[in-house]
Amino acid sequence: MLSDLLVIMDLTGVAVFAATGGLVASRKQMDLIGFGMMATLTGIGGGTLRDALLDRPIFWITDQRYLLVCLGIALIIYFFAPLVQRRYTLLLWGDAIGLAAFSVLGAFIALQTGATPLPAIVLGMMTATFGGLIRDIVAGEKSLLLKPEVYATAALLSAGVFTVMASFGVPLILSTLTGIVAGFALRAGGIHFGWSLPRYRQRAGRTYK
Amino acid sequence: MLSDLLVIMDLTGVAVFAATGGLVASRKQMDLIGFGMMATLTGIGGGTLRDALLDRPIFWITDQRYLLVCLGIALIIYFFAPLVQRRYTLLLWGDAIGLAAFSVLGAFIALQTGATPLPAIVLGMMTATFGGLIRDIVAGEKSLLLKPEVYATAALLSAGVFTVMASFGVPLILSTLTGIVAGFALRAGGIHFGWSLPRYRQRAGRTYK
Amino acid sequence: MLSDLLVIMDLTGVAVFAATGGLVASRKQMDLIGFGMMATLTGIGGGTLRDALLDRPIFWITDQRYLLVCLGIALIIYFFAPLVQRRYTLLLWGDAIGLAAFSVLGAFIALQTGATPLPAIVLGMMTATFGGLIRDIVAGEKSLLLKPEVYATAALLSAGVFTVMASFGVPLILSTLTGIVAGFALRAGGIHFGWSLPRYRQRAGRTYK
């Protein structure tokens, strides 16, 4: 049952990330193959890095449903994106769910593979953000690291809350849900209220002795 | 004999990709080390990703001829590129051969390592396109995913034709050659006639009920 | 004692690279999480690639001190960067030390894992330059491959001198120090005197028979 939940989370996360890749492909007016590649890169990028670093079999090579999901999403977006009004809003919210779910999933897998908590948190965050990072690099878009609202921070919160709770023995379902809700709520604040962390500023006016 | 053919295909693919990397280095007026790095990154990038994802020993660590080829190509291009008139044409055609050969080779290795057909096709396509993708990112050039003519599509066709034929038991030499010819022919149409897939367009004027 | 020396070199290299990542984050006015991610990507990027390609356990998953160093450096730079006058000078010199040390370390680990000399040299150079390469790509800065002064060349020299000496049986401490000093001296010449390799130039005026 738990492993079913994990697979469903994983497929959902891959699907929403793939959708953000497809939407970037539509903005860049790519062809159908470009849609497929952007959806796939974004959908499976983070999990691929996670599995490669943990020396596990790569999830989408073992189970081809993940690729089918990415390619299906690419097709749907190529043909139906214009139907979807306000699709950037959809993109943002879908991405927020994927971000939180993938952070927790990545951290969970890392802990299961024997990683200690701090690397597990970092691997969770990577799982959630790496696909988007390469999506933006390949498409020549402004990197998500340079955008103002909380994003990677939400991934960090999800992975952190989950990892700390799981390390203290809180039941897995509870720590999973709490981790997802925490990161999603933070990201929701970023989307809706424009929450952001203070950015570094050249404090030129200040003087130091 | 088959494995000889594979090694020759592989060395040839690495050499032509390395050459495209070297030519980009010449366009960006890099120094000799830059030539070496661009040639090597482009030449071995795709196969490195393939081997890392399939958890095989990385081919150029095991067999140093691949690095020698990349570095030799870098030297040749650094000193003789001006001799070669119309070298962008050469680049395009060499790249087309490498693209088709690497797609088939990547898919073949994936199947041999036990991958199912769909992941094998994706891995074949990645093997062929990843080196060029990082070449363009590192050099700050427009990504091949954003260019109009068929490119990744040709890689997909090569990997797909080969994988389907091989999965149905067609002799390896025949499926290999058919796969290479199919992808090369498609890419040739892209270079010569400007073939391209329809790009996604904002269908703003259309109305939906 | 030798392995202590290696760990110290490694932690130092990670720290100075992390610092260059943090300083780029300050230039791009990122938030604290951005600092953490840039410092971590830059600090551990090269070694991660090295370990993944050599199919070793990833160093920062096994030993979480590396992440602590990156995050600590990110915090320090976020809060104290304005204190440091002329921090770009510091960045350059710290980076020069890390570059030389990481090249030697990467080549050493590759040789130890059974690689032959040429791949070991390439892996050493990759270990030293890959973190900076992704730092520049993610931050949208001009790639270090496109900058005029010797940089990758110094990494190549360090890895090359070390690997050749070690292959001829020179004691490890001696080849390590010589390798580091050679690459550092070359890079120092690049920083101080602007040493550079001749760049490829379109020799349009020349005629060939």
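Of everything in the stretch B:1-27 that is facing another protein chain (nearest Cβ under 10 Å) and surrounded by 19 or more Cβ atoms within 10 Å (Cβ to Cβ), the residue that is farthest from the chain's Cα centre (by Cα) is B:Ser26. The selection criterion, being modelled with pLDDT of 95 or more, within 21 Å of A:Leu67 (Cα to Cα) and out of contact with any strand residue (DSSP E or B) (no Cβ under 7 Å at 6 or more places or on another chain), does not hold for B:Met126. If the requirement is being within 12 Å of another protein chain (Cβ to nearest Cβ) and β-branched (Val, Ile, Thr), which of these qualifies: B:Ile73, B:Ile33? Every option except B:Ile33 fails the conditions. Kindly establish whether B:Ile61 is of a type in the set (A, V, I, L, M), modelled with pLDDT of 95 or more and either surrounded by fewer than 24 Cβ atoms within 10 Å (Cβ to Cβ) or in a helix (DSSP H, G or I) (or both). Yes; evaluated as a whole, the condition is true for this residue. Checked against (1) closer than 27 Å to B:Met38 by Cβ; (2) touching a residue at least 12 places away in the same chain (Cβ under 8 Å), C:Ala81 passes all but a single condition, namely (1). Considering every residue within the stretch A:18-34, establish whether at least one is farther than 15 Å from A:Tyr78 by Cβ and at pLDDT 90 or above. No, that holds for no residue. Within the stretch A:1-25, residues that are in contact (Cβ under 8 Å) with a residue 60 or more places away in the chain and outside any helix (DSSP H, G or I) reach no partner that is surrounded by 24 or more Cβ atoms within 10 Å (Cβ to Cβ) and hydrophobic (A, V, I, L, M, F, W, C) with beta carbons closer than 6 Å at six or more positions or on different chains. Flag: C:Ala110 matches the condition of being modelled with pLDDT of 95 or more and closer than 19 Å to C:Ile44 by Cβ. For the stretch A:45-55, state whether one or more residues are without any contact (Cβ under 8 Å) to a residue 60 or more places away in the chain, within 12 Å of the chain's Cα centre (by Cα), part of a helix (DSSP H, G or I) and under 24 Å from B:Leu146 (Cβ atoms). Checking the stretch A:45-55: not a single residue is without any contact (Cβ under 8 Å) to a residue 60 or more places away in the chain, within 12 Å of the chain's Cα centre (by Cα), part of a helix (DSSP H, G or I) and under 24 Å from B:Leu146 (Cβ atoms).
Can you confirm whether C:Ala188 is at pLDDT 95 or above, more than 14 Å from chain B (Cβ to nearest Cβ) and under 18 Å from the mean Cα position of the chain (by Cα)? In short, no. Of all residues in the stretch B:46-70, those satisfying the criterion of being under 20 Å from B:Pro119 (Cβ atoms) and within 8 Å of another protein chain (Cβ to nearest Cβ) are B:Thr48, B:Ala52, B:Leu53, B:Leu54, B:Asp55, B:Pro57, B:Ile58. For A:Thr89, the requirement of being assigned to a helix (DSSP H, G or I), more than 12 Å from the chain's Cα centre (by Cα) and of a type in the set (S, T, N, Q) is met.
Within the stretch A:147-161, identify whether any single residue is more than 11 Å from chain C (Cβ to nearest Cβ) and of a type in the set (Lys, Arg), and answer yes or no. Show your work before the answer.
Filtering the stretch A:147-161 down to residues more than 11 Å from chain C (Cβ to nearest Cβ) leaves A:158-161.
The next check asks that each one be of a type in the set (Lys, Arg); those that pass are none.
Scanning the stretch A:147-161 turns up no residue that is more than 11 Å from chain C (Cβ to nearest Cβ) and of a type in the set (Lys, Arg).
Working only within the stretch C:102-121, note down all residues that are free of Cβ contacts under 8 Å to residues at least 12 places away in the same chain and either over 18 Å from C:Arg56 (Cα atoms) or within 10 Å of chain B (Cβ to nearest Cβ) (or both). Selection gives C:Gly114, C:Thr116, C:Leu118, C:Pro119.
Could you please let me know if B:Asp95 is of a type in the set (Asp, Glu), over 19 Å from the mean Cα position of the chain (by Cα) and away from chain A (no Cβ under 14 Å)?
Working: of a type in the set (Asp, Glu): yes; over 19 Å from the mean Cα position of the chain (by Cα): no; away from chain A (no Cβ under 14 Å): yes.
When the stated conditions are applied, B:Asp95 does not pass them.
Only one of the numbered conditions (1) under 30 Å from A:Phe59 (Cβ atoms); (2) of a type outside the set (Phe, Trp, Tyr); (3) crowded, with 24+ Cβ neighbours inside 10 Å; (4) free of Cβ contacts under 8 Å to residues at least 40 places away in the same chain is not met by B:Met30, and that is (1).
For the stretch A:135-152: of the residues being surrounded by fewer than 23 Cβ atoms within 10 Å (Cβ to Cβ) and under 22 Å from C:Leu67 (Cβ atoms), which is modelled with the highest pLDDT?
Here the answer is A:Ser143.
If you go through the stretch A:65-86 and keep only what is of a type outside the set (A, V, I, L, M), modelled with pLDDT under 80 and assigned to a helix (DSSP H, G or I), you end up with just A:Pro82.
The values are calculated or read from the model by the stated rules, or taken from the named source; none is laboratory data. None of these values were measured; they are calculated from a predicted model. Please note: Cβ atoms are built from the backbone with ideal geometry, for glycine as well, and neighbour counts cover all protein chains shown.
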